[in-house]
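Just so you know, all these numbers are worked out from the coordinates, no wet-lab data involved. A quick note: this is a predicted structure, and the numbers were derived from the prediction, not measured. Here Cβ is always computed from backbone atoms with ideal geometry, including for glycine, and neighbour counts include all displayed protein chains.
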């Protein structure tokens with residue numbers, strides 16, 4: 001297998017994060033956040049998340065959360081050209 005890539009290629013990626021926390025009462029805290037990402041490969045993607053913390057005692061905390069995200073391909077996955085060169089076989 002032959003791997004070829006151009007040394008002039010580049011991968012442009014920008015990210016911005018945000019997070020908020022709201023304490024409903026001393027035992028209940030809501031956390032929410034998001035990441036907005038833009039790259040040359042997949043465009044713009046949003047990855048939100050949210051969780052709820054319940055603290056019944058000072059030494060114990062229970063947390064439940066949900067999130068959604070996408071994985072950005074790395075540089076080699078996006079820019080690498082894969083070529084397989086097979087030998088020519090002559091017939092009988």
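Work the Kirkwood hydrodynamic radius out for segment 12-69: mean of 1/r over every pair of different alpha-carbon atoms, inverted, in Å.
Values: mean 1/r = 0.0770 Å⁻¹.
Computed over segment 12-69, the radius equals 13.0 Å.
Quickly rank 25-32, 49-56, 84-91 as a protection proxy: mean count of other C-beta atoms within 10 Å, highest first. Each step should come with its number before you reach the end.
Details: 25-32: 12.4, 49-56: 14.0, 84-91: 4.6.
Order by mean packing, descending: 49-56, 25-32, 84-91.
Under a point spin-label approximation (7 Å from Cα along Cα-to-Cβ), what is the residue 41-residue 69 distance to one decimal in nm?
1.5
Sorted by average packing, counted as other Cβ atoms within 10 angstrom per residue and highest first, what order do 58-65, 36-43 take?
Ranked by mean Cβ neighbours within 10 Å, highest first: 36-43, 58-65.
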